[in-house]
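The structure appears right after this line, and notes come after that.
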Amino acid sequence: MTTLEPDDIYEYTGVLDAALSPSGDRAAFVATEFDPDEDRRRNSVFVVPTDGSRDPYRLTRASDASSPVWGPDGEKLGFLAARETDLAMTVGPNEEDDEEEENGDDGPKPQVWVFDLARGGDARQATDRDEGVRAFDFGPEGERIVFDARDPSDEQAEKLAERRDDGPIEIERLNHKANGVGWLDDVPSHLFVADLDTREATRLDDAYESGGMAALSGLQPAWGPDGRIAFVANYGDDPEDSAAYDVYTIDPDGSNRERVTDGEHFCSGPAWSPRATGSRSSRGTRR
């Protein structure tokens, strides 16, 4: 019998967030590894042929990464990471880093980064949200993405800055704290559609979430092959007092929001059928 020693944990590697390429010939996944020098875990994105002909190839090293998503043609691979701001998005000194120091923030927020696997090179930053990005998906043409991000008003942003600088915490909601998240607030999350070339993002005003489970579930966008975007949200009369989350669909311009499920369950992880073209059907997980 082999005896496990405490340092053996550094040899353990976990695999999560696996994503199959559109053609099925490659898989992207996140490997969780331990860094003994810093005594912490690191998450990196790998790509591997599904036929096992080669070993997994590491794509990211510098910072934690998660949620790999393939573009529809298999030539782009997006992921979330809290990396230093892309130099192409700054002119002169990095003012964003200065603001983070003034606000007492912990560093960069998770943003969408995209590898162009056909051309090669490092990943390019696709979003620049002060509160970071929680989830995203590619459009059917691969030229745009939809993402879920918190969107505080000026007043809410000031309160968040005070809180992060050890300021007072004001509780105004029934669900005010969550495991793994900490103190909650009333900042809504919205869906945004962004052009990958210009990085210009448009907020979908009718696709938002600020209910009791918002901090844990998010909007979980999924862009279907027919152009519609599926997401989950709670638009009930009292979302603070309900864990029932429905699947909705909406057009990329923010119009024609429709509810798909019946309002009696906690729905999550909407995904489109491969035969969804020409229809408005989506499916999700109900709890």
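The values are calculated or read from the model by the stated rules, or taken from the named source; none is laboratory data. For clarity, every value in this text was computed on a predicted model and none was experimentally measured. As a convention, Cβ positions derive from the backbone with ideal geometry for all residues, glycine included, and neighbour counts pool all protein chains shown. All accessible areas refer to the heavy atoms of the entire protein, side chains included, with ligands and DNA or RNA removed. Shrake-Rupley method; radii C 1.70, N 1.55, O 1.52, S 1.80 Å.
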Checklist outcome for this item: Taking the stretch 125-154 and keeping residues open to solvent by 90 Å² or more (accessible area, probe 1.4 Å) and assigned to a loop (DSSP other than H, G, I, E, B) leaves 130, 141, 143
Next on the checklist: Just to be sure I understand the filter: pairs with C-beta atoms under 6 Å, separated by 6 or more residues or on different chains, first member in the stretch 155-167 and outside any helix (DSSP H, G or I), second member open to solvent by less than 60 Å² (accessible area, probe 1.4 Å). Which pairs pass?
Outcome noted: 165/104
Checklist entry - Inside the stretch 22-42, can you point out the residues that are touching a residue at least 24 places away in the same chain (Cβ under 8 Å) and surrounded by 16 or more Cβ atoms within 10 Å (Cβ to Cβ)? => result 26, 28, 29, 30, 31, 34
Checklist outcome for this item: Filtering strands (runs of 3 or more DSSP E) wholly in the stretch 7-63 for at least 3 residues that are over 23 Å from residue 269 (Cα atoms) gives 26-35, 40-49
Checklist entry - Quick one: how many residues across the stretch 64-78 are open to solvent by 30 Å² or more (accessible area, probe 1.4 Å), part of a loop (DSSP other than H, G, I, E, B) and touching a residue at least 24 places away in the same chain (Cβ under 8 Å)? => result 3
Checklist entry - Only one of these conditions is not met by residue 87: (1) open to solvent by 40 Å² or more (accessible area, probe 1.4 Å); (2) at pLDDT 95 or above. Which number is it? => result (2)
Checklist entry - List pairs: first in the stretch 132-145 and over 13 Å from residue 218 (Cα atoms), second among the aromatic types (Phe, Trp, Tyr), Cβ under 7 Å, 6+ apart or cross-chain? => result 137/223; 138/223; 139/223; 140/223; 145/136; 145/138
Item to check | Flag if residue 219 is touching a strand residue (DSSP E or B) at 6+ places or on another chain (Cβ under 7 Å) and open to solvent by less than 30 Å² (accessible area, probe 1.4 Å) | outcome: yes
Checklist entry - Which pairs have Cβ atoms under 9 Å, sit 6 or more apart or on different chains, and link a residue in the stretch 182-197 that is touching a residue at least 24 places away in the same chain (Cβ under 8 Å) to one that is among the polar types (S, T, N, Q) and in a strand (DSSP E or B)? => result 192/202; 193/202; 194/202; 195/202
Checklist entry - Residues in the stretch 185-197: is at least one modelled with pLDDT of 90 or more and more than 15 Å from residue 129 (Cα to Cα)? => result yes
Checklist entry - Is it true that residue 264 is at pLDDT below 90, open to solvent by 30 Å² or more (accessible area, probe 1.4 Å), in a loop (DSSP other than H, G, I, E, B) and over 27 Å from residue 140 (Cβ atoms)? => result yes
